[in-house]
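Read the structure below first, then the notes.
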Ligand SMILES: [Zn+2]
């Protein structure tokens, strides 16, 4: 179910927030009036001399699945942008998501809104839709008037938007609260990243789907992206080979234990980008290889640089917003695990890309005129087979088997079969009316809980009614699930695995198609880097416990805007202190207030 307050918001956005701003050749700004914006005099904007200093550009960089400890481990091998972020920026070493659902859509929505999933409603990458009785992705939009649009003549399927995100993004708020002078552009290989970082509308939100660059109808299309898409940056990499870039100093062995590489690759370097072996063209396997290679990160970096040039970001009247979510670390991490040469090498490559990006921003926007945040949407657990070598208790929590156990337990109580509609990650969804019945049937409920607890790898099971309205609790795990709980979308029961036990949904009898994963409330999934650099940021290392939901409120403070429903707080310790607040008020309004108290 979609809360009614959000339906209202969606209608408003559909009607009103076209908010396109046209920057004419002479630098004149024109904001078209829309249904949602009452006409108002342009003189309302402050004069440049009165306006407080603001960053010219806000840059958000998300490295999908980058664990917090990658910075500690690999910093010594970086010479470029990642190193610069640590040395010139504020490094928050104890940043972690406080909630259970450590997945991509959830993390990106948290970073972009400054709210937790209990507030923003993006509870997973995909969940069971109780109304339609089917799985839906977090961005799938059933509105028939919405369509995905392909660049360079591509004809993508589906319709993806942020309509399920229940609060506006920081970027949307910035555009709205600065009279529309902000340009919002986001890129990622994933729709759920590009869309959530942008918000409900944007000048451009672009992702990669099966060889094509894609957007959807609520977002604009930009000519320079079309141009770039026509040059086929992915296809142009066909035939390249990903080889190790460091002469030595790899932490791990040649073959990552338990790894499942993409089709056409071995467990060892080098990794050729030629699709299925023997096929001489860019087939779907080639695009999977490309997405798992450093060349995808470079393509996203080039798109970001071209955006700066084509739109003259940071040169217009407002603060612009540019966001890139680098997806490749996530693909590589799922395939080879966090303890692999592939992860180490992909970060060395990303370090170089970010060096180029920052050099470009320095030249075009000006060093110190932009503020950048780099973080991740979640971490990842070591491959179970690798972890088992340490002697620690680790393994696979097989979800189809758990589902079977629950069905079996309910047989004795004559519940209609199947009683379970879906098990998606940690969320168990019952068929319509089953859970209501269970809540009034303590013996059957206990049998279900016992059956779940008997599944190898299960540490605890939480019921929805234990999580609603964020109850006060001393249990960190119950609190974590409560921060992720959004009524109507979250499951009925929630499975907490034991530490280092991977939730595995592979159907019984089939081979696991990935090395490892994430999505639970343990520090290996929750701990991520948060690095801030540039305008208004006090460099240094910070050890306060913070969350990535603090990034948007910190950006908001730097830009002088207000977020509606944040759960994060301003990272005040890393903000430069203003020189003085003692100067006398100079504006006419302040003068009037002084004389007429
Ligand atoms: Zn992710």
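Here region 160-209 yields Rg over Rh of 0.97, to two decimals, using C-alpha coordinates and the Kirkwood radius. Counting only DSSP beta bridges whose two residues both lie in region 118-267, roughly 75 percent are antiparallel. Summed over all non-identical Cα pairs, the Kirkwood treatment of the chain gives a radius of 25.1 Å. Extending 7 Å from the Cα toward the beta-carbon at both residue 523 and residue 413 defines two label points whose distance is 3.8 nm. Once C-alpha pairs closer than 8 Å and six or more residues apart are averaged by separation and normalised to the residue number of the chain, the relative contact order reads 25 percent. Among 298, 328, the order by Cβ neighbours within 10 angstrom, fewest to most, reads 298, 328. Relative to the compact-globule estimate of 2.2 N^0.38 Å, the Cα radius of gyration of region 333-433 comes out at 1.83. Find the centroid of the Cα atoms in region 200-272 and in region 506-530, then give the distance between the two in whole Å. First find each Cα centre; the distance between them is then 21 Å. Modelled spin labels at residue 450 and residue 562, positioned 7 Å past Cα toward Cβ, are 5.5 nm from each other. Using the Cβ-Cβ distance between residue 569 and residue 132 with R0 set to 35 Å, the FRET efficiency works out to roughly 0.40.
The angle between the Cα long axis of helix 442-454 and the longest principal axis of the Cα atoms of the chain comes to about 90 degrees, rounded to the nearest 10. Report summary: the helix-based calculation at 222 nm, which adds -39500 (n - 2.57) for every DSSP H run with n ≥ 4 and divides by the residues of the chain, gives -9000 deg cm²/dmol. On the beta carbon distance between residue 506 and residue 440, with R0 = 35 Å, the FRET formula returns roughly 0.50. Enter the angle in degrees (range 0 to 90, nearest 10) between the Cα long axis of helix 4-16 and the first principal axis of the Cα atoms of the chain, meaning the one along which they spread out most. Orientation of helix 4-16: about 40 degrees from the principal axis.
Placing a label point 7 Å from the Cα of residue 577 along the Cα-to-Cβ direction, the residues of region 521-547 whose backbone N falls under 14 Å from that point are 538. The Cα center of region 303-364 and the Cα center of region 366-422 differ in position by 29 Å.
Across every pair of non-identical alpha carbons in region 263-412, the mean reciprocal distance, once inverted, gives a Kirkwood radius of 18.9 Å.
Using the Cβ-Cβ distance between residue 541 and residue 276 with R0 set to 51 Å, the FRET efficiency from 1/(1 + (r/R0)^6) comes to roughly 0.65. To the nearest 10 degrees, how steeply does helix 399-411 sit against the main Cα axis of the chain, on a 0 to 90 scale? For 399-411 against the chain, the angle is about 60 degrees. Spin-label pair residue 306-residue 393: with each label point 7 Å from Cα along the Cα-Cβ axis, the two points sit 5.3 nm from one another.
None of the figures in this text is laboratory data; all of them are computed from the coordinates on show. On a predicted model such as this, the values are computed, not experimentally measured, just so you know. Because the Cβ atoms are built from the backbone with ideal geometry, glycine has one as well, and the counts that use them run over all protein chains shown.
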